[in-house]
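Shown next, in structure tokens, is the structure this report addresses.
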Amino acid sequence: MAYRTRLPLVAGLIACLLPGIAAAQVEYIDPMGGFTQVVTTTHDGVKTVFVSGQVGQGETLREHVESAFAGVVRRLEQAGATPSDVVKIRIFVKDFEPEQYPVVAEVRLATFPDDAWPASTMIGVRELFAEPLRVEIEAIAVVAEPGTDLEIERFNPSNGFSGVVAVTANGVKTVYVAGQVGGGDGVAAQTAAVWGRVEQQLEAAGASLADLVKATTYIVDFDPGTDLAAYRAGREEALALDDMPASTLLGIPALASEQFLVEIDGIAVVGADGGPVERQFIDPATGFTQVVSASGAGGPTVVQVSGQVGQPGDSLEAQADQVYGNLRRRLEAAGAGPEDLLKVVIYMPEYTRGDFAAVDAARRAHGFPDETAPAATLLGIQSLFANGALLEVEGVAVVAP
């Protein structure tokens, strides 16, 4: 376990993504060189816990799901948290078939108390870090010392998860939207319908689409040549925003039901009781913003970096160099640096285990340190925004006020 107080570099973590964190303490539990199994940040008695993707083992899918959830629980305990404190999970299942969803849902239901269901996203992926692995689960939890002002509200519960979870601390409310799906014929229609569902969930928690700081879109069998235009058409129909959130778009092999083609989850930030939240939208692009930073009154700034990519068609080594160079430049544009990252997710089509060496070499070459490595999840997915794109990395960082 590594423990570090980061002053003045990082005064802590605000509740625009990580509620209540405003200065001082960052703890690295089980650093593994290029990533850390658990990263926590604490301020004014409120601790936010990032659990890296935990994997399962066993002979059956149920055993893999059960052991992966058990791994998450163990990591939470290391950080002084419990399943009751979890506000968001993402579940990734290799070679997922929709008829397997009840297995995942039953174990999820057994893991969390009835009054503490987290927001949840579950998708099928092509590969995990190593060949025998079938399930990986990451989590965010928030826990407070006795007497600390922290409120966690859970809305629209269903089958072991909440449609949206709102966390309020130190005058800022962070809203986690579970993966939403919707009906319609084709990618464009479902995209518009899903954004409508996201809007409904946000409204239940007292937020709106204009409050989004990050969105992740998953599209089944995504073909950049045809589906990107359809997705953009559906998004334009549903989102009339002056400032778009940071975003990642992924092609994946399956969702929970064969009828669903599109799933979207998100994070929004609002001021508690109408209080102020300042946002900056840095480097807007077509339908999204490369970097979105947000801060509450007097607190540090959370920086959401959209998924960064390299030049499609280049080698993996070249793309990895471009990705981490872009990631560093995006952080610097928002006043952050590599040492400020708390969480990253790495997405790779055509992933095989040997590919990680190229990714890790690029990370080191661009000055992303081992001693303060973020929590991380690595996923082999189906496709990215363009044919020939081999790597995408998104991140969250924090800078002091």
field: Inter-part distance where segment 247-297 and segment 57-135 are each reduced to a Cα centre, Å
entry: 23
statement: Lys and Arg at +1, Asp and Glu at -1: neighbours of R134 with Cβ under 11 Å from its Cβ sum to -4
query: In segment 134-254, what % of DSSP beta bridges are antiparallel (nearest 5)?
result: 65
query: Length gain on complete extension for the stretch R62 to Q311, per 0.36 nm per residue less the alpha carbon to alpha carbon distance?
result: 85.7 nm
Fraction of beta bridges assigned by DSSP in segment 76-200 that are antiparallel (%, nearest 5): 70
field: Protection proxy ranking of 327-333, 192-198, 270-276, 105-111 - average other beta-carbon atoms within 10 Å, highest first
entry: 192-198, 327-333, 105-111, 270-276
message: Using a 7 Å offset from the Cα along the Cα-to-Cβ direction at both S257 and D95, what is the distance between the two label points in nm, to one decimal?
response: 2.6
field: segment 2-399, relative contact order in percent, only Cα pairs under 8 angstrom and at least six apart counted
entry: 18
field: Contour minus Cα-Cα distance for S208 and T82 (0.36 nm per residue)
entry: 42.4 nm
- prompt: Taking K and R as +1 and D and E as -1, what net charge do the other residues with C-beta under 13 Å from the C-beta of A268 add up to?
  reply: -1
query: Which of these, E97, E350, E145, has the largest mean-square fluctuation under a Gaussian network model of the chain (Cα springs below 10 Å)?
result: E145
- prompt: So what's the net charge close to S306: Lys and Arg +1, Asp and Glu -1, counting the other residues with Cβ under 11 Å from its Cβ?
  reply: -1
- line: Among L150, V194, P102, the residue whose Cα sits farthest towards the positive end of the charge dipole of the chain, when +1 is placed on the Cβ of each Lys and Arg and -1 on the Cβ of each Asp and Glu, is L150
task: Using label points projected 7 Å from each Cα along Cα→Cβ, tell me how many nm separate A285 and A130, to one decimal.
output: 3.4
task: Quick one: grab the alpha carbon gyration tensor of the chain, order the square roots of its eigenvalues as a ≥ b ≥ c, and give me rounded if a/c is under 1.5, else prolate or oblate depending on whether a/b is larger than b/c.
output: rounded
message: Could you tell me which residue out of G160, S257, A79 lies farthest along the dipole of segment 2-399 toward its positive end? Charges go on the beta carbon: Lys and Arg +1, Asp and Glu -1, centred on the Cα centre.
response: A79
query: Where both residues lie in the chain, what percent of DSSP beta bridges are antiparallel, nearest 5?
result: 80
field: Nearest-20 debye value, segment 2-399 charge dipole, Cβ charges on Lys, Arg, Asp, Glu
entry: 640
task: Would you work out which of F129, A375, T111 lies farthest towards the positive end of the dipole of segment 2-399, given +1 charges on the beta-carbon of Lys and Arg and -1 on that of Asp and Glu, about the Cα centre?
output: A375
- request: Select from S84, S257, S293 the residue whose mean-square fluctuation is largest in a Gaussian network model of the chain (Cα-Cα springs shorter than 10 Å).
  value: S257
message: From the helices alone, meaning DSSP H stretches of at least four residues, give me the mean residue ellipticity at 222 nm for the chain, per-run term -39500 (n - 2.57), in deg cm²/dmol to the nearest 500.
response: -7500 deg cm²/dmol
message: Classify segment 109-184 from the C-alpha gyration tensor, please: rounded if a/c falls under 1.5, else prolate or oblate depending on whether a/b exceeds b/c.
response: prolate
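Since every read-out is calculated from the coordinates, none of them should be taken as a lab result. None of these values were measured; they are calculated from a predicted model. With ideal geometry, Cβ positions are generated from the backbone for all residues, glycine too; neighbour counts draw on all protein chains shown.
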